[in-house]
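Peer 1: Can you read through this structure? Questions will come right after.
The values are calculated or read from the model by the stated rules, or taken from the named source; none is laboratory data. Bear in mind that the values here come from a model prediction, so they are computed numbers and not experimental data. Virtual Cβ from ideal backbone geometry, glycine too; neighbours counted across all protein chains shown.
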Amino acid sequence: MTAAKLAAAFVVCALGAIWLGADIPSPGALLHAVTHPQEPFSVLLLSWRAPRVLAAFCVGACLGLAGAVFQGVFRNPLAEPYLLGSAGGAAVGATIAILLPLPLAQAVALPLFAFAGAWGATILVVLTARLAGVGEASGLLLAGIGVAAVLAALRSLLLLALSDETVSLQVVLSWTLGGIQTPFWDELAVLAGLTAAGLVLCLGLASGLDVLGLGDAVAANMGLPVERFLRRAVLLAAAVTAVAVCWGGLVAFVGLVVPHVMRWRFGAAHRQLLPASAFAGGCLLMLLDGAARALLPPAEIPLGLITALLGGPFFLLLLAREARR
Amino acid sequence: MSPLALEADGLRVVRGRRAILDGFDVAVPSHRLVAMIGPNGAGKTTALRALAAVEAPDAGRVRWLGRDAAAWDRRSLARAVSYLPQQFRSHWDLSVAELIALGAARGRGFGWLDGLHASVAPDLALTQALELEALMTRRFASLSAGEQARAAFAMATVSHPAILLADEPAASLDVAHQLRLMALMRRLAGDTTVVVVLHDLNLAARFADEVILVAAGKCRLAGPTETILESLELDEIFETRFERLSVNGRLHLAPR
């Protein structure tokens, strides 16, 4: 796909997402708002919806990217940040950062704790799956379910034990259900920078992931330091997941669905797959986040609920396909 | 006597309680086509994996081009020694061209900076010899077993390794393609040392310079093809009486 087509797809999805909301303006009203930047509705669109839509793009891009890397690392079509426990781990880290008084600014503590949680949980899942020695695909999945259950309980416990002010309780709850935070422009810049950095670093894994698909023996024979590469890739994917969770909470299945569809469309070579998954994940989440605002006005449906409703059946479909193989 | 490309001393590989290899010694001279033969379960695949440094032996050592494992870094060893497993498959459904490009990047590293100079022109002579030109854009999984075997062989040899260790690359090929692949290996042996596991003793008889006969985790006999195949130990190890015929002046083994 050419750059022009990509840009066009991005603009269409972004405009569509800005257009979607509790009140959906007619095309005329939208034009009026864009041309009269002082009016309240225009302020709503440009200062509130626009940064949120762009934040949704970054969160979706991180989820698509992390999903593609996780699937590549584990050579498992069912690997995904949410199912592997990384997202749950990040949420526990974030909960701790929000609820515990820390000697760190929250803007620093939140991503750091989320990253530590994501990485720790993923490593725990991988080690458990290895110890259990179950066949790779199902072992990872089972370990993921177990760790995710413990993490969810831990999060609820922390919530009950530590929250004294309703504000932080609400913040944490909205995290659990998934929802894009509306950032200020400077926060958005940080998020966009982290997303871009994640993409660049993950692209460095691309041909290593391709080689890994030939099996550990061939990969090692071709000069890939397999264990070291796996550790680095898991660390990176966990970091990218943490970025997504910090700004979007627990959004399930985007990291599962998007890389699959991109693989059908563009082939399995990771040099194309990784950027395609990031881009498509971003576009998808912009639209889904728009739908979350627009479906039941004035209430906002939690984003995680929408992605689970759409992604869950897809997951079952994949599971059935895997079982047949 | 040409210098040795590969040496193994007292290799021992234990899996569970069973020693798959036990005191496996071998010395392979440079630029030869060497067939590794032996009955099922003799340890041929494990021996090949140990020679490829894919499997670390529990005891013993391997030397490549006269140098110990300690004298090699990961990348130069990867460039020098190419290993083609028996059941080569790619988890990712890559195209033949993508697979061959990966093979060309062997030993060059797979990071960000390494990828930038990885675009290598396809080796036309190789793809032609393996009849892959028409298949380059096809996905690996859509190929027939024989086409897959040829694509995998191209991937393993495109980087011109000094040593090629191939585990039954001809097993899923029809007779014509078997002969063509063996002839290609014969030609490769001009500047590559090829060790190939074969089940078809007559392919070994026709193409190999030397034969390594593996039985019960040991190298039982090694030497010039005719000498080994004429030996009566062969009959004993394969538990088969062979009739040794001469077909068009070539040794042909027929089980009695």
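Peer 1: How many residues are surrounded by fewer than 18 Cβ atoms within 10 Å (Cβ to Cβ) and either touching a Phe, Trp or Tyr at 6+ places or on another chain (Cβ under 8 Å) or at the interface with chain B (Cβ under 7 Å from one of its Cβ atoms) (or both) when one looks only at region A:204-236?
Peer 2: Residues flagged as surrounded by fewer than 18 Cβ atoms within 10 Å (Cβ to Cβ) and either touching a Phe, Trp or Tyr at 6+ places or on another chain (Cβ under 8 Å) or at the interface with chain B (Cβ under 7 Å from one of its Cβ atoms) (or both) within region A:204-236 amount to 3.
Peer 1: Moving on to the next point. Would you mind finding the one in A:GLY198, A:GLY146, A:GLY178 that is in contact (Cβ under 8 Å) with a residue 24 or more places away in the chain and either surrounded by fewer than 17 Cβ atoms within 10 Å (Cβ to Cβ) or more than 14 Å from every other protein chain (Cβ to nearest Cβ) (or both)? Before you say what the answer is, go through the steps one by one.
Peer 2: Values: A:GLY198 fails: either surrounded by fewer than 17 Cβ atoms within 10 Å (Cβ to Cβ) or more than 14 Å from every other protein chain (Cβ to nearest Cβ) (or both); A:GLY146 fails: in contact (Cβ under 8 Å) with a residue 24 or more places away in the chain.
That would be A:GLY178, the only listed residue that is in contact (Cβ under 8 Å) with a residue 24 or more places away in the chain and either surrounded by fewer than 17 Cβ atoms within 10 Å (Cβ to Cβ) or more than 14 Å from every other protein chain (Cβ to nearest Cβ) (or both).
Peer 1: Looking at (1) crowded, with 17+ Cβ neighbours inside 10 Å; (2) closer than 28 Å to A:LEU209 by Cβ; (3) of a type in the set (A, V, I, L, M), which is the one condition that is false for B:ALA56?
Peer 2: With respect to (1) crowded, with 17+ Cβ neighbours inside 10 Å; (2) closer than 28 Å to A:LEU209 by Cβ; (3) of a type in the set (A, V, I, L, M), B:ALA56 is out only on (1).
Peer 1: I'd like to check something: does region B:30-46 contain any residue that is at pLDDT 90 or above, within 14 Å of chain A (Cβ to nearest Cβ) and in contact with a strand residue (DSSP E or B) (Cβ under 8 Å, 6 or more places away or on another chain)?
Peer 2: yes
Peer 1: Sticking with this one: I'd like the full set of residues that are without any contact (Cβ under 8 Å) to a residue 24 or more places away in the chain and among the basic types (Lys, Arg), limited to region A:233-272.
Peer 2: A:ARG263, A:ARG265
Peer 1: I'd like the full set of residues that are under 14 Å from A:GLY223 (Cβ atoms) and more than 7 Å from chain A (Cβ to nearest Cβ), limited to region B:65-80. Steps first, please.
Peer 2: Going through region B:65-80, the residues under 14 Å from A:GLY223 (Cβ atoms) turn out to be B:72-80.
If the condition is that a residue be under 14 Å from A:GLY223 (Cβ atoms) and more than 7 Å from chain A (Cβ to nearest Cβ), then B:TRP72, B:ASP73, B:SER76, B:LEU77, B:ARG79, B:ALA80 are the ones that fit.
Peer 1: Tally the residues that are without any contact (Cβ under 8 Å) to a residue 24 or more places away in the chain and under 18 Å from B:LEU135 (Cα atoms), restricting the search to region B:149-175.
Peer 2: Within region B:149-175, residues that are without any contact (Cβ under 8 Å) to a residue 24 or more places away in the chain and under 18 Å from B:LEU135 (Cα atoms) number 0.
Peer 1: Next question, about the same structure. Would you check which residues across region A:279-311 are loosely packed, with under 14 Cβ neighbours inside 10 Å and in contact (Cβ under 8 Å) with a residue 12 or more places away in the chain and list them? Write out each step before concluding.
Peer 2: First, pick out the residues of region A:279-311 that are loosely packed, with under 14 Cβ neighbours inside 10 Å: A:295-299, A:309.
A:PRO297, A:PRO298 - these are the residues of region A:279-311 that are loosely packed, with under 14 Cβ neighbours inside 10 Å and in contact (Cβ under 8 Å) with a residue 12 or more places away in the chain.
Peer 1: Yes or no: B:HIS177 modelled with pLDDT under 90 and surrounded by fewer than 19 Cβ atoms within 10 Å (Cβ to Cβ)? Step through it out loud before you land on a result.
Peer 2: Working: modelled with pLDDT under 90: yes; surrounded by fewer than 19 Cβ atoms within 10 Å (Cβ to Cβ): yes.
Yes: the conditions hold for B:HIS177.
Peer 1: Which helices (runs of 4 or more DSSP H) sit wholly inside region B:58-140 and have at least 1 residues that are among the aliphatic types (A, V, I, L, M) and modelled with pLDDT of 90 or more? Give the derivation first.
Peer 2: Working: elements: B:74-80, B:96-104, B:112-116, B:124-129.
Answer list for region B:58-140: B:74-80, B:96-104.
Peer 1: Being without any contact (Cβ under 8 Å) to a residue 60 or more places away in the chain and either touching a helix residue (DSSP H, G or I) at 6+ places or on another chain (Cβ under 7 Å) or part of a helix (DSSP H, G or I) (or both) narrows it down to one residue among A:ALA192, A:ALA220; which is it? Reasoning before the result, please.
Peer 2: Details: A:ALA192 fails: without any contact (Cβ under 8 Å) to a residue 60 or more places away in the chain.
Sole residue among the options that is without any contact (Cβ under 8 Å) to a residue 60 or more places away in the chain and either touching a helix residue (DSSP H, G or I) at 6+ places or on another chain (Cβ under 7 Å) or part of a helix (DSSP H, G or I) (or both): A:ALA220.
Peer 1: Looking at (1) modelled with pLDDT under 90; (2) over 27 Å from B:LEU143 (Cα atoms), which is the only condition B:ARG241 fails?
Peer 2: All conditions are met except number (1).
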